[in-house]
Amino acid sequence: MIDEMKGRVQRARELASMRGFEGVIVAGRAPDRNGDLAYLCGHIPMLAGHPSRFAIRGRGLGLLYIPTDPKADLAIAVTTPFYVPAHGVGETVVNPNIVAGITAILERAGAQRATVGVVGMDVISAMTFAEMTHYNPGVRFIEADDIVMNMRAIKSDKELEALRQGSAFADEVGALLRKEIKPGVTERELANFVISEMTKRGATNAFATCQSGVERSGEPFLFPAFSDRVLEDGDLVHMEINGRWQGYMIDICRATTVGRPTKDGVHLLETVLKMLEVSIDAIGPGVLAEDLEKIADDVAVNAGFQGKFAFGYGGAGTYLGHGIGLGVDEPPAICKGEKTFLQPGMVLTIEPGLYRTPAGGARIEDEVLVTTTGVEVITKLERRWWA
């Protein structure tokens, strides 16, 4: 991926220049929101958690400055000497006060009277942004999150290779997991099985959820992600299989009944499966993201599950799906109000779910790629586990 980073930085420079910026500051935060920095230069900040007090300001942030002048070097400000090094960056300023660090970089770049885009306004705290403006009164900071966000949405061949391999790991583990789901095992045992098997295959940050029974399966996510509850005959259960491969996220989900299926449980599962199938079938270039969620909701309503799906249609779930890459939740969101048109190269997770029904809840999730002619399903794992 290092070879691609130079091109990404050059494209970011071009987009910033087209908007009249002299440069852009790209923010990343440990441990959860470092995707933009990883995408552009491979940097991952670390050691967040300290409150901002006195000389300690913005702990765990990384701020990359990209001048639009193609001859000017990149520089990055970090708050601790513990971090994954950046590629293609001329200067790394380590200062426990992130605002002091980025101010020094702007001064050395001669940008005290510049218009600077800020990528990551939802990452930088209000306090940090206020101090940036206070200590750089001549700089006009303008929100520019979409510059990198839109670049990241379209995956390169190398990115697709990493995403495909990660999904293949989940396919393998899911096939093994299916055999382990039976009355008498605990949610914890199943989740630990997934985490262990994903880790054996080289996935990092392996994670799993397991929610069974009417109450726990009936929610999209119910803390804890898995419990010591013992699965019982007839339970509904849904499980997420997550992790990373070469920095890229893995995110699929399967649901089934435990032991002997109930009529209501099968009806719910078959409905969720149909929601998934019709949504994926409708994917293609030029499709409006929010329209996919409406298609899925129509299936739910026709099956008697009105108000049991996504938030936009009165349900408990947040959406039909989302983009995936270096982050598990990337644009576009597949939900009501999302006005993004799908483009070839986007990788999405489609994860319809029905929740808070008398039988419980279920979710099934696949990773898919938008192609020039339609869609390719990356996830190969069998979907119907209750047959």
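For segment 2-151, averaging the sequence separation of C-alpha pairs within contact (under 8 Å, six or more residues apart) and dividing by the residue count gives a relative contact order of 24 percent. Of all beta bridges that DSSP places with both ends in segment 65-185, some 10 percent have antiparallel geometry. If you wrap the tightest convex hull around every Cα atom of the chain and split its volume per residue, you get 137 Å³. Over segment 318-387, the hull volume per residue, using the convex hull of the C-alpha atoms, is 114 Å³. Using DSSP, restrict attention to beta bridges with both residues in segment 261-366 and report what percent are antiparallel, rounded to the nearest 5. Here the share of antiparallel DSSP bridges comes out near 90 percent.
Note on HIS50 and HIS134: the extension gain reaches 28.0 nm, defined as 0.36 nm multiplied by sequence separation minus the Cα-Cα distance.
Between rounded, prolate and oblate, where does segment 154-377 land on the alpha carbon gyration tensor, with a ≥ b ≥ c its root eigenvalues, rounded for a/c under 1.5, else prolate if a/b exceeds b/c? Cα axes put segment 154-377 in the oblate bin.
Looking at segment 154-377, the DSSP beta bridges with both ends there are about 95 percent antiparallel. The mean sequence separation of alpha-carbon pairs under 8 Å and at least six residues apart, normalised by the residue count of the chain, gives a relative contact order of 13 percent.
Please report the net charge: other residues with Cβ closer than 12 Å to the Cβ of VAL93, K and R +1, D and E -1. Summing Lys/Arg as +1 and Asp/Glu as -1 gives -1. Highest mean first, the peptides 362-372, 284-294 sorted by other C-beta atoms within 10 Å per residue fall in the order 362-372, 284-294. Packing, as the average of other Cβ atoms within 10 Å across residues, places the peptides 30-42, 140-152 in the order 30-42, 140-152, highest first. Each Cα pair under 8 Å and six or more residues apart adds its sequence gap; the mean of these over the residue count of segment 154-377 is a relative contact order of 22 percent. Under the shape rule built on the C-alpha gyration tensor, where the axes satisfy a ≥ b ≥ c, segment 1-51 is oblate, since a/c reaches at least 1.5 while a/b does not exceed b/c. When the charge dipole of the chain is built from unit charges on Cβ atoms (+1 for Lys and Arg, -1 for Asp and Glu) and taken about the Cα centre, the candidate among TRP245, ILE154, ASN97 whose Cα reaches farthest toward its positive end is ASN97. Would you calculate the separation in nanometres between label points at GLU232 and THR371, each defined as 7 Å from the Cα along the Cα-to-beta-carbon direction? Inter-label distance under the simple model: 4.6 nm.
Annotation note: GluC sites (Glu not before Pro) in segment 1-106 located in DSSP loop regions with a Cβ neighbour count of at most 11 within 10 Å are absent. Computing FRET efficiency as 1/(1 + (r/R0)^6) for THR204 and LYS339, where r is the C-beta to C-beta distance and R0 is 41 Å, gives about 0.75. Within the P(r) computed for segment 133-255, what percentage of the Cα pairs occupies the region above 23 Å? Pairs farther apart than 23 Å: 45 percent. Applying 1/(1 + (r/R0)^6) with r as the Cβ-Cβ distance of PHE311 and ARG108 and R0 = 35 angstrom yields a FRET efficiency of 0.15.
Just so you know, all these numbers are worked out from the coordinates, no wet-lab data involved. From a predicted model like this one, the values you see are computed outputs, not experimental measurements. We place every Cβ from the backbone using ideal geometry, glycine too, and count neighbours over all the protein chains shown.
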